[in-house]
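Undergrad: Can you keep this structure in mind? I'll have questions shortly.
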Amino acid sequence: MESLAVYRCHYRGRLNADDPAQLAGLLAQCREKAQALIDQHRMMTAGLYYFGRQLFLYYEALGEAFRPEKFMSPLEPLLSRWPQKEETCSWAQMYNIYWHDVPRDEADWKREKQPERRRGRIAYLRHESMFRYVYHHFAIVEEGLLRGDRYQSIALHEDVLFSYFEEPRSSVNIRRVEDGESQAIQAWLDVDPESHFIPLPGSNGQNFLLLPDYFTLGQA
């Protein structure tokens, strides 16, 4: 069987209504559609997380990238619309700015065993320093030496960061080398990382707040 390309997708949505019974039913339909795509070998994993009415969606498409509507369409009646150039959309694309590894193809990216947890977390950036955050994190990616969780990613939309990762965590770097010391991480540490974040209630002093999920799924 051909080993397909992997596309890491990050999106942000917002609920415009608060009807728990209706929401639960529609989410069950979305989960069923996501599982069908995994069973059909068109997606590797998917997770939907929430913070208040904000929704954060991560999934790994196989063979071709596709928008969330392919499996999240049942939720459309409850979603706000985001402005996007001359149009509006239900799911705003988040831009991936940080990672520790790049999937070469499905065979390369396949988990050796099921993760114990598929986690999502968010952080709010201060406007005056948000692009310095992006600059330093993309510099770390470009250098490719810092080791971290293989499946971690951090994406940005507006001033909001969404991070996906899995537990237990792994330890790899983009260059896939054992030696080599990151100079880019030291440059980031030198600009007072804590000063870039707006503390979120419930984060217990951490820059990122762990989120509850509506569902997480992955290949068996």
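The values are calculated or read from the model by the stated rules, or taken from the named source; none is laboratory data. The structure displayed is predicted, hence computed values, not measured ones. Positions of Cβ are backbone-derived with ideal geometry, glycine not excepted, and every protein chain shown enters the neighbour counts.
Undergrad: Only residues that are charged (D, E, K, R) and either crowded, with 17+ Cβ neighbours inside 10 Å or part of a helix (DSSP H, G or I) (or both): list them for the range 121-141, please.
TA: Matches in the range 121-141: Arg121, Arg132.
Undergrad: Looking at Leu78 and the list (1) over 17 Å from Phe162 (Cβ atoms); (2) surrounded by fewer than 15 Cβ atoms within 10 Å (Cβ to Cβ); (3) of a type outside the set (S, T, N, Q); (4) touching a strand residue (DSSP E or B) at 6+ places or on another chain (Cβ under 9 Å), which single condition is not satisfied?
TA: Going through the list (1) over 17 Å from Phe162 (Cβ atoms); (2) surrounded by fewer than 15 Cβ atoms within 10 Å (Cβ to Cβ); (3) of a type outside the set (S, T, N, Q); (4) touching a strand residue (DSSP E or B) at 6+ places or on another chain (Cβ under 9 Å), Leu78 breaks only (2).
Undergrad: I'm checking my understanding of the structure. Among residues of the range 173-183 that are surrounded by fewer than 18 Cβ atoms within 10 Å (Cβ to Cβ) and touching a residue at least 40 places away in the same chain (Cβ under 8 Å), which one is farthest from the chain's Cα centre (by Cα)?
TA: Top of the filtered list is Gln183.
Undergrad: Next question. Just to check your reading of the model, which residue among Ser170, Ser163 is assigned to a loop (DSSP other than H, G, I, E, B) and either of a type in the set (S, T, N, Q) or in contact with a Lys or Arg (Cβ under 6 Å, 6 or more places away or on another chain) (or both)?
TA: Ser170
Undergrad: Moving to a separate point now. Residues that are more than 19 Å from Pro103 (Cβ to Cβ), in a strand (DSSP E or B) and touching a helix residue (DSSP H, G or I) at 6+ places or on another chain (Cβ under 8 Å): does the range 64-72 have at least one?
TA: no
Undergrad: Turning to a different aspect of this structure: From (1) under 24 Å from Tyr214 (Cβ atoms); (2) crowded, with 17+ Cβ neighbours inside 10 Å; (3) polar (S, T, N, Q), pick out the condition that doesn't hold for Gln114.
TA: If we test Gln114 against (1) under 24 Å from Tyr214 (Cβ atoms); (2) crowded, with 17+ Cβ neighbours inside 10 Å; (3) polar (S, T, N, Q), just (2) comes out false.
Undergrad: Now, a different point. Just to be sure, is Leu37 hydrophobic (A, V, I, L, M, F, W, C) and either under 21 Å from the mean Cα position of the chain (by Cα) or surrounded by fewer than 16 Cβ atoms within 10 Å (Cβ to Cβ) (or both)?
TA: Working: hydrophobic (A, V, I, L, M, F, W, C): yes; either under 21 Å from the mean Cα position of the chain (by Cα) or surrounded by fewer than 16 Cβ atoms within 10 Å (Cβ to Cβ) (or both): yes.
Considered against the rule, which asks whether it is hydrophobic (A, V, I, L, M, F, W, C) and either under 21 Å from the mean Cα position of the chain (by Cα) or surrounded by fewer than 16 Cβ atoms within 10 Å (Cβ to Cβ) (or both), Leu37 comes out as yes.
Undergrad: I would also like to ask the following. Given the residues Ala28, Ala21, which is the only one that is under 30 Å from Gly202 (Cβ atoms), in a helix (DSSP H, G or I), at pLDDT below 95 and out of contact with any Lys or Arg (no Cβ under 7 Å at 6 or more places or on another chain)?
TA: Only one candidate qualifies: Ala21.
Undergrad: Glu86 versus (1) acidic (Asp, Glu); (2) closer than 25 Å to Val160 by Cβ; (3) in contact (Cβ under 8 Å) with a residue 12 or more places away in the chain: which is the lone unmet condition?
TA: Checking Glu86 against (1) acidic (Asp, Glu); (2) closer than 25 Å to Val160 by Cβ; (3) in contact (Cβ under 8 Å) with a residue 12 or more places away in the chain, the one that fails is (3).
Undergrad: Tell me the residue from Ser163, Ser203, Ser170 that is surrounded by 13 or more Cβ atoms within 10 Å (Cβ to Cβ), touching a Phe, Trp or Tyr at 6+ places or on another chain (Cβ under 8 Å) and either basic (Lys, Arg) or at pLDDT below 95 (or both), please.
TA: Details: Ser163 fails: either basic (Lys, Arg) or at pLDDT below 95 (or both); Ser203 fails: touching a Phe, Trp or Tyr at 6+ places or on another chain (Cβ under 8 Å).
From the options Ser163, Ser203, Ser170, the qualifying one is Ser170.
Undergrad: Now a separate question. Please verify whether the range 44-59 includes one or more residues that are modelled with pLDDT of 95 or more, under 17 Å from the mean Cα position of the chain (by Cα) and over 22 Å from Val160 (Cβ atoms).
TA: yes
Table: residues versus (1) in contact with a Leu (Cβ under 6 Å, 6 or more places away or on another chain); (2) small (Gly, Ala, Ser).
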{"residue": "Leu4", "(1), (2)": "yes, no"}
{"residue": "Tyr11", "(1), (2)": "yes, no"}
{"residue": "Gly25", "(1), (2)": "no, yes"}
{"residue": "Asp39", "(1), (2)": "no, no"}
{"residue": "Gly47", "(1), (2)": "no, yes"}
{"residue": "Tyr50", "(1), (2)": "no, no"}
{"residue": "Leu62", "(1), (2)": "yes, no"}
{"residue": "Met72", "(1), (2)": "no, no"}
{"residue": "Pro77", "(1), (2)": "no, no"}
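Undergrad: A further question follows. What's the total number of residues in the range 31-63 that are more than 26 Å from Ala123 (Cα to Cα), outside any strand (DSSP E or B) and free of Cβ contacts under 8 Å to residues at least 60 places away in the same chain?
TA: Selection size over the range 31-63: 9.
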